[in-house]
Structure formats: C-alpha cells, structure tokens
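Undergrad: Attaching a single structure in structure tokens format; questions to follow.
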Amino acid sequence: MLNQEDPAIVEAGAPAYLLLLDALILTYPDNEDFLISGARLYGAYAGVFAKDPEQAKPLADKAMDYARRALCEYDDDACELIDGPADQLQAGLNEDYDEDDVAVFYAMATAWAGWIQANTDDWNAIAQLNKVKTLMSWVADQDPAYDNATVQVYLGVLETQLPPSLGGKPEKGRQHFEQAIELSDGHNLMAYVLYAKQYARLMFEQPLHDELLHKALDANPVYDGLTLVNRLAQEQAETLLNESSDYFE
C-alpha cells in the first residue's frame, strides 16, 4: 500500500483492509504484529482520509487502542510505564529498553500523536504531547533515520506547534526537518512540505516556504516505502503554494 502511486485507490480500498485487520485481531487478539498493523492503518486513514473531526476521532481512538494493546502484549512493564509521568517514562526507556524495542514504541508514539491531533479540542489530550515527544525523541536516539526519517518529521512538527513566545521551539523543529531531509537523502517529501507548513509559515518566511514546496513538487515521488506519502505530500504542496501569496500578505 505504501508504494501505491494513486492516493484515490488507497482511499477507496483501505476500508477493506481495515475490516480485514479487525477480523484478524478479533481472531488473534494477542498478536502484536496484527495490532501494530491495525494501529498504523487506522492512524493513517484518520490523519489522511477522514473528511472531518467527527470521522477522524473514532478512527484515531481505534488506532490508539490497538497500539496500546500491542505495547501491553509486548511488555507489561512498558504498558505501565506510559501511564506514569513523563520524567519516569524517559528514565524507564533509557534504563530498560534499546533499539530492539523501537518498533512497538514508535507504533505507540505515532498512534498517540494522531489521537491528540484528532482531539485538539480536548486540553486533557493536548497535555499528553510531552509524553509523545519523549517517546519520539527516544526512538530518534536509538535510530535517527527510523521509518525513512519520519521520526524526525514528527519531532519537527512537535517543536513547531507554538511560536517561541508561547513556549514553542521552532529552531529546534527546523533542525529536525533538515535532519529528515538529509537522512532520507531527500526522498521523504513530507519533510519538505511540513517544514514549509509548520516552520516557514510560523516564522513568516515566504522565500523558504516557496522554495521547500517547489523542491517537493519537482522531486520524483516514487521511492520504496514512501511513494504514497510522497504523492500526498505533493498534493499538499500544491495547495500550500497556491495559498502562499494570500498567507504572507
């Protein structure tokens, strides 16, 4: 699915895969691989294809449920760890886990980030962002280029949610976006697009904004494991570029 070049085909066909994964998880409720796959697909569908927040929320809820169940099946202590304070989460990750544990924690972090995005009207959800950042930072420490450097893109977005005056760290976010581009050899086009959307717009830098979007549009989107995401990135880049003059007036 990740190598499909037409997002419309994925949008039309993904519900069948969601139902298939639901059936597999119902039959094999303790299977970590099925749970992680379910979390990823439900999270992706909620973030990309949901038409409105009311459709996105139940999809993100299911992604979160599957990711948490996968983590708890993987390790009881990890299940308890994510419920504690962020500082204990950081300490526990550093003391008890390593690169062999990255996949399940990354699945949890991405589902959690998507769930918060779908519930931005809930301050209790937003308050959990620090734990997501802790998980993502730990994954990046274990493998800076994990998931075609998408872990760096997530960290870039997390650091550019707010302007500096409200506690945001956009320059740190910029570093993560640039790392994502470097570590993926420029193949992760969503890094360019979110760099423009999250950082350049926040800092009101139109030349950088337009340059990044042109690079995304001019690049070849076909790359193993990134083709679908890159096609979606180019669609978003075109929209952002068309809005550029109005946004920066």
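Undergrad: Among the residues of the stretch 105-114, is there at least one that is in the same structural domain as residue 18 (by TED's automatic domain parsing) and without any contact (Cβ under 8 Å) to a residue 24 or more places away in the chain?
TA: no
Residue-by-condition table, conditions (1) touching a His at 6+ places or on another chain (Cβ under 7 Å); (2) surrounded by 20 or more Cβ atoms within 10 Å (Cβ to Cβ); (3) under 16 Å from residue 15 (Cα atoms):
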| position | (1), (2), (3) |
| --- | --- |
| 48 | no, no, yes |
| 53 | no, no, no |
| 63 | no, yes, yes |
| 79 | no, no, no |
| 90 | no, no, no |
| 93 | no, yes, no |
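Undergrad: Tell me, yes or no, whether the stretch 197-206 has at least one residue that is crowded, with 22+ Cβ neighbours inside 10 Å, of a type in the set (A, V, I, L, M, F, W, C) and under 13 Å from the mean Cα position of the chain (by Cα).
TA: no
Undergrad: Hey, another quick one. When both residues are 6+ apart or on different chains and their Cβ atoms are under 9 Å apart, which pairs have a first residue that lies in the stretch 1-21 and is at pLDDT 75 or above, and a second that is outside any helix (DSSP H, G or I) and polar (S, T, N, Q)?
TA: Sorted first by the residue in the stretch 1-21, then by its partner, the pairs are 13/4.
Undergrad: Among the residues of the stretch 122-157, write down those that are surrounded by fewer than 18 Cβ atoms within 10 Å (Cβ to Cβ), touching a residue at least 24 places away in the same chain (Cβ under 8 Å) and of a type in the set (Asp, Glu).
TA: 143
Undergrad: Examine the stretch 231-247 for a residue that is surrounded by fewer than 17 Cβ atoms within 10 Å (Cβ to Cβ) and under 22 Å from residue 106 (Cβ atoms), and state whether such a residue exists.
TA: No.
Undergrad: On to the next question. Name every residue in the stretch 76-96 that is in contact (Cβ under 8 Å) with a residue 24 or more places away in the chain and either closer than 22 Å to residue 34 by Cα or outside the structural domain of residue 40 (by TED's automatic domain parsing) (or both), in order of residue number.
TA: Quick first cut of the stretch 76-96, residues in contact (Cβ under 8 Å) with a residue 24 or more places away in the chain only: 78, 82, 86, 89-90, 93-94.
Hits for the stretch 76-96 are 78, 82.
The values are calculated or read from the model by the stated rules, or taken from the named source; none is laboratory data. Remember, it's a predicted structure, so these values are computed and weren't measured experimentally. FYI the Cβ positions are ideal-geometry reconstructions off the backbone, even for glycines, and counts take in every protein chain you see.
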